[in-house]
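FYI, it's all coordinate maths here, none of it is from the lab. Note that the coordinates shown come from a computational prediction; the quantities given were computed from them, not determined experimentally. Note: ideal-geometry Cβ built from the backbone for every residue, glycine included; neighbour counts use all protein chains shown.
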Amino acid sequence: MGKKRVMVVGGGLAGLAAAMKLAELDIDVDLMSLTPVKRSHSVCAQGGINACNEQTRQLGDSEWKHFDDTVYGGDFLQHQPPVKEMADWAPRVIDLMDRLGVTFNRTHEGFLDRRRFGGTLYKRTAFAGATTGQQLLYALDEQVRRWEAAGRIKKYEFWDFLGPILDDQGECRGCVAQDLVSMEIRSFPADAVVVATGGCGLIYGRSTMSMVCTGSAVSRCFQAGAKYGNPEFVQVHPTAIPGADKLRLMSESARGEGGRVWVPRTPHDSRAPGDIPENERYYFLEERYPEYGNLVPRDIATREIFDICVNEGLSVETDKQCVYLDLTHIPVAELNRKLGGILEIYEKFQGVDPRLNPMKIFPAVHYTMGGLWADYQRTAEGGLEPGSPRNQVTNIPNLYAIGECDYQYHGGNRLGANSLLSCIFTGLFTAPGLQNLLESQSGAAAEMDASLFESERKRHQDQHDQLLRRDRGGENPYLIHQELGDVMTKAATVVRRNEQIQEAYQTVSDLEARAAKCSLSDTGNWTNQNVVFTKALQDMFPIAKAILKGALQRDECRGAHYKPEFAMPSLESTDAAGRQAEAEAWCDRFEANNEKWLKSTVVRWDGSEPDIQYEDVDTSLIEPRPRLYGLVGAEVIMEVWKARRAKQKAEKQADPNAAATVGS
Amino acid sequence: MVRRLVRWHVNFILSCATTGVSPNELAGDRRTDLRDAGKQDTVEKAPAPFLARHEFLIRRLHSLSGLIPVGAYMVVHLTTNASVLNSSATFQRAVYAIHSLGNLLPLVEWTFIFLPILFHAIIGVVIIRGGLPNTGSYKYTNNIRYTLQRATGMIAFLFIMWHVFHMHGWFHFPAWLRVAEPLGGAQFSPYNAASTLGAAMSGLVVPALYAIGVLSCVFHLANGIWTMGITWGVWISPAAQKRADVVCTVIGVGLAVLSMSALGGAMKIDVEEAEAVENRMYEAKLATGELDEASSAHKRADHAAGEEHSSSADASRLHAGAGRAE
Amino acid sequence: MAEEAREGRSSKDHFEVRILRQNGPGQSSYWERHRVKYEHDMNVISVLQRIAAQAETVDGKSVAPVCWDCNCLEEVCGACSMNINGRVRQACSALVDRLLEDNPSEIELQPMTKFPVIRDLMVDRSRMFRGLTRVKGWVPVDSYENMGPGPRQTRATQEVAYPLSECMSCGCCQEACPQYTKIELTRQEGESEEDFSARKNEAFDRGFVGAHAISQAMLFNSNPTGKNAAGERLDALMAEGGIQVCGNAQNCVEVCPKNIPLTTSIARAGRATTLHALKKWFDE
């Protein structure tokens, strides 16, 4: 009796990694999930997982370069120590997953095969066909099952997290949850609660995310006082297959394996794609970004595709927006071996064989870089202190956030194949910190006065009962969800405009009021999906408002957040001197903008509205620089920038006092 | 290991005798059983019943017994019968060859034929009762074969029971034969092999039933060899299974032709002519001393050998004169 | 067309869906008809979403939304298995256009029959996951510490293992298997959650383990580290409800949405258990 327990909420990669590591550390774990953990959204990750490896090292790669690519890709919005630690851990994470039996693709000699992904020039990505997320998740699911059989982990599958339980000191002592089958509401005392519930794509209606990705668990923590970081940074993946119920992901690995994005140069060319000769095809990514080509970071690829379709009117189809993603030049056997999974998805849902015909794709909401604000403890070297209970803890003591639902690792834009890494890394890395936390606590939550747990349970039970008793004839939650998705997709995805966001904020507030008046078509108390969905819908609004307000206030362009009104100017001048002057002005503006906006958005929920503050970003390891990815025509900007840095460095060395102020 | 084997067999027989073979024990559907078991088992796990504990071994023996000895015996049987196509004498010689085992024949028959068939059939019924054929929803070839395997197995079981009664009579003590013969049983006499066979195959109904029964046996064997190869892990890949399928089809078609020829041959026998040949062969064997009249009488047709001759035979012994080619 | 719609048959802009509903475990099931507006690129999930939103039958009767299980909607999570027009498959990849081509009058949805119904189209597949525990479906590593990479493997080994590890525990192979029969227990009065769960697990452990678990056992027996527990997995496959229950109907491989070579795994397990049995008889 009285043994301490940790509640892990969410059974994706992060939750499972944390659970199995905690179990290994001899800590009893409760693992809660909306679905059987094997069906978590991590299975949808396709392309791979990044780590510096022996192959890339020979070409000059290092953990530091992985770290650098990640913060450059994220437009420098992340605190750097956690990212550095993650990059350092990456090779170890892959080794572990390899030992756990993940069926990574192999080279002829039997080493792990690697492919290139967006935002890097190295082949860092280990992969298992095109279902890497699924394979990684299964390996962790198996280990968790092993611990479950040993009695160390207890699973609560088909349970909905309703909120953390905070004591009088504001410390988390457990959570309340509801059984989705019997509808029983129960309190779970826990000495630490780890939220690992992923993203909130369903706020956008259709996205590449799974149906459980409502963000409700995160929202419930947010409403209970947890801070939320960088809400406005939502990744729109450049390549997805449009569908009536979902926008299905078409992995970046398709481009990593040589897939090319193009449109016919003639608008709405009616010829079959195979009949269009090379010189009449516009490989716009390759032409605009010769260095990175089709593997520019996602925010850039998405904007370019959007620009081609919307502004240049070069969409392949007349009645819908899409571009070609072409794999037909790659041998079929190789495609099947490396990309089989995703090609089957395309074939099954579109009825067209992508080995023979270019795929038609368009961007779709994909990942939330933002999430619950989480702390970390920095070491002198700039990494994280292993075993520190501060790592990944939210502003509520004993409440942790890991995986996609924390805001730490991806800044303004996540690089492909880094999400699987951040999920497994945070899960593994947080466990020893939790062990130390539990050891430092005096008593166990299970031994506390039961009245706290009972009163919280009752509060949720009353809310639930009230919702069921609602009169008929009120609002329909499914229709409100559709409207919410439409508004959010229009106002807060690829291109954002202040007046649109303002309007959207008003609409969302109205929808929120209407959602509060939803009435249920199912008022029973057995497997009532209607009431569960309605609650999740109501909890979408605080996050939706945080996204909109964060986007509204951030008057700049950074990563996935793009406002044309505040875009950096392109160089117009044709003569060298003019361009030089323009580049100087560009760099001045860049520095001024960073001064003002290189800050994390940190939101608190005041009960009805998000309250935004800004927090400095720890950029002490890698200095922010213009993020151009070798854009054609912008070379001079990098030259000017480098000259300035060299000059500053020389000055620093000459005057050590000045260095102290610059470096702080 | 021998001790283990013996213990196992004792257990097997005991458990069949005391509990009867419950279909639920070997097959998947244990709903009712477990509900009851669960009531007692919430605290302590009760040991699983004997048949359940040895399910793997029983199923493998079932699989094996279908080929050896039952399937192998069937091939010998059909071949022997087909020899009637050559002549009645050839067939009679083959039967004499089988009966040259003399008093050992019943032992051989029971050990290698009757008991294995019974074992294969009883376990087979248990297996069938544990499955839920679903060819209505899933019309795949192999699924249809799954269902056919069970259907032909049931037909084969009924057919063999009837066939052994029809030809052999099941038992050979006189009291029983007086009941069986008027009911149409025990028609075959090994020393008048072709003639009694020909007589038994008169009309159209009996040969038609034999055709259905024998073809069921043939399908069951040929398809059974194929599934057995999978069960034991002989052919593994889909390509290997396909190749094995071709071989099994050839075996099946071959056996079907063989068996239908034998049936056709039996139907064409000129009974009187055959009997004359058989009697000459019998007399010759008597003359050489290869047979003696006293122990042979019950193996001859009633009108050829008087009832009085057979009375000296050990009537109480379960005298199964199979091997006369059934 | 209007006439057709009035008669309750599918017309060009609407189609009908017949759903076998059940309010809870142990209750009787009943058919219910819904009319859904046709849209391009619909699948069964979007049909169920529309039905949930309208919550009204063909006759205009207000009903609770149909309950069903789904998650990823791209056929990798395994949640949305159900019987569609009489055949088990994933609802997400069941495209309405194709279904209506096969049967223009209606789409028929039923829950899987081999698992206990929780409600409507949602069933309890915990027995499947129990099967994975039964065959010790994991690689028994020493620890999660940093021990360097795993054993090197050939490309050929990976190419055999990868298809097996795509199994998403959707249950299609069990549903179509004539040898796999339903085990449904009800919690008794006064029985604790733990006792009930223990009783269920015991019942599951005696039932047929199913093609998916046999295949997973073969996957881990082929892993260089997983091999170390190969004997235990084979023992599990030879216990009651093990591989011997397979009747070689081979429906599993036909209905598997991931085209996993389940019958190859079964034959491989057949060989492995044969050898394992001989080894146990003669070596121990």
Degrees separating the helix A:450-469 axis from the principal Cα axis of chain A, which is the longest one: 70 degrees
Between helix C:262-283 and chain C: long-axis angle, C-alpha atoms, 0 to 90°, nearest 10: 30 degrees
Order of A:154, A:652 - criterion: other Cβ atoms within 10 Å of each residue's Cβ, fewest first: A:154, A:652
Selected from B:264, B:248, B:89, residue furthest toward positive end of dipole (region B:65-310; charges at beta carbon): B:248
Set of aspartates and glutamates near residue A:320 by C-alpha distance (under 17 Å), chain-local residues within fewer than 8 positions excluded: A:245, A:269, A:304, A:307, A:312, A:486, C:39, C:41
Flagged links, alpha-carbon separation over 21 Å, of A:227/A:599; A:155/C:258; A:84/A:155; A:246/A:360; A:3/A:154; A:360/A:545: A:155/C:258; A:84/A:155; A:360/A:545
Theoretical FRET efficiency, 1/(1+(r/R0)^6), r = Cβ-Cβ of residue C:62 and residue C:101, R0 35 Å, to 0.05: 0.65
Descending Cα extents along the principal axes, the protein assembly as shown, whole Å: 133, 75, 72
Max mean-square fluctuation residue, GNM over chain C, Cα-Cα springs under 10 Å, options C:225, C:263, C:273: C:225
Computed lengthening from residue C:37 to residue C:156, 0.36 nm per intervening residue step minus Cα-Cα distance: 37.9 nm
Label-to-label distance, nm, for residues given as residue B:129 and residue B:247 (7 Å Cα→Cβ offset): 3.5 nm
Under 19 Å from residue A:652, Cα to Cα: lysines that are on another chain or at least 8 residues apart: A:642
Residues A:241, A:612, C:45 arranged by fewest to most Cβ contacts within 10 Å: A:612, C:45, A:241
Label-to-label distance, nm, for residues given as residue B:237 and residue A:503 (7 Å Cα→Cβ offset): 6.3 nm
0 to 90° range, to nearest 10: angle between helix A:80-99 axis and chain A longest Cα axis: 80 degrees
Of A:643, A:218, A:548, farthest towards positive along the dipole that unit charges on Lys, Arg, Asp, Glu beta carbons give chain A: A:218
DSSP beta bridge pairing in chain A, given as percent antiparallel to the nearest 5: 70 percent
Cα-based reach from residue C:61 at 26 Å (exclusive), listing lysines while leaving out same-chain residues under 8 positions away: A:517, A:535, C:12, C:37
Sequence-distant residues sharing a close amide H with residue A:195 (under 5 Å, placed H): A:9, A:400, A:401, A:402
Amide hydrogen neighbours beyond the local backbone of residue C:118, cut-off 5 Å, H modeled: C:123, C:124
Gain upon complete extension [residue B:72, residue B:118; 0.36 nm per residue less C-alpha separation]: 15.0 nm
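How large is the charge dipole for region A:575-663, taken about the Cα centre, if only the Cβ atoms of Lys, Arg (+1) and Asp, Glu (-1) carry charge, to the nearest 20 debye?
380 debye
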Kirkwood hydrodynamic radius (C-alpha pairs) into Stokes-Einstein, chain C, 37 °C and 0.692 mPa s, D in µm²/s: 156 µm²/s
Long-range HN-HN contacts of residue C:81 with modeled amide H, under 5 Å: C:91
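Answer rounded, prolate or oblate for region A:575-663, using the Cα gyration tensor with square roots of eigenvalues a ≥ b ≥ c: rounded when a/c is under 1.5, else prolate when a/b is larger than b/c, else oblate.
Because a/c hits 1.5 or more and a/b fails to exceed b/c, region A:575-663 counts as oblate.
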27 Å Cα cut-off, lysine pairs counted over region B:65-310 (separation 8 or more, or different chains): 4
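When only C-alpha pairs under 8 Å and at least 6 residues apart count, what is the relative contact order of chain C, in percent?
Relative contact order comes out at 17 percent.
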Proxy reagent accessibility, fewest Cβ within 10 Å first, across B:63, A:422, B:261: B:261, B:63, A:422
Point-charge dipole on Cβ atoms (K/R +1, D/E -1) for the protein assembly as shown, about Cα centre, debye to 20: 1940 debye
Fully extended contour minus Cα-Cα distance, from residue A:441 to residue A:570, at 0.36 nm per residue: 40.8 nm
Shielding of C:183-193 by partner chains, average beta-carbon count, 10 Å: 2
Calculated FRET efficiency for the pair residue A:650/residue A:577, C-beta based, R₀ 22 Å, to 0.05: 0.35
Nearest-0.05 FRET efficiency for residue A:592 and residue A:395, computed from C-beta distance (R0 30 Å): 0.45
Top positive-direction residue, dipole computed over the protein assembly as shown with Cβ charges, set C:276, B:184, A:559: B:184
Semi-axes of the equivalent ellipsoid for region C:41-125, Cα gyration tensor, largest first, Å: 19, 17, 13
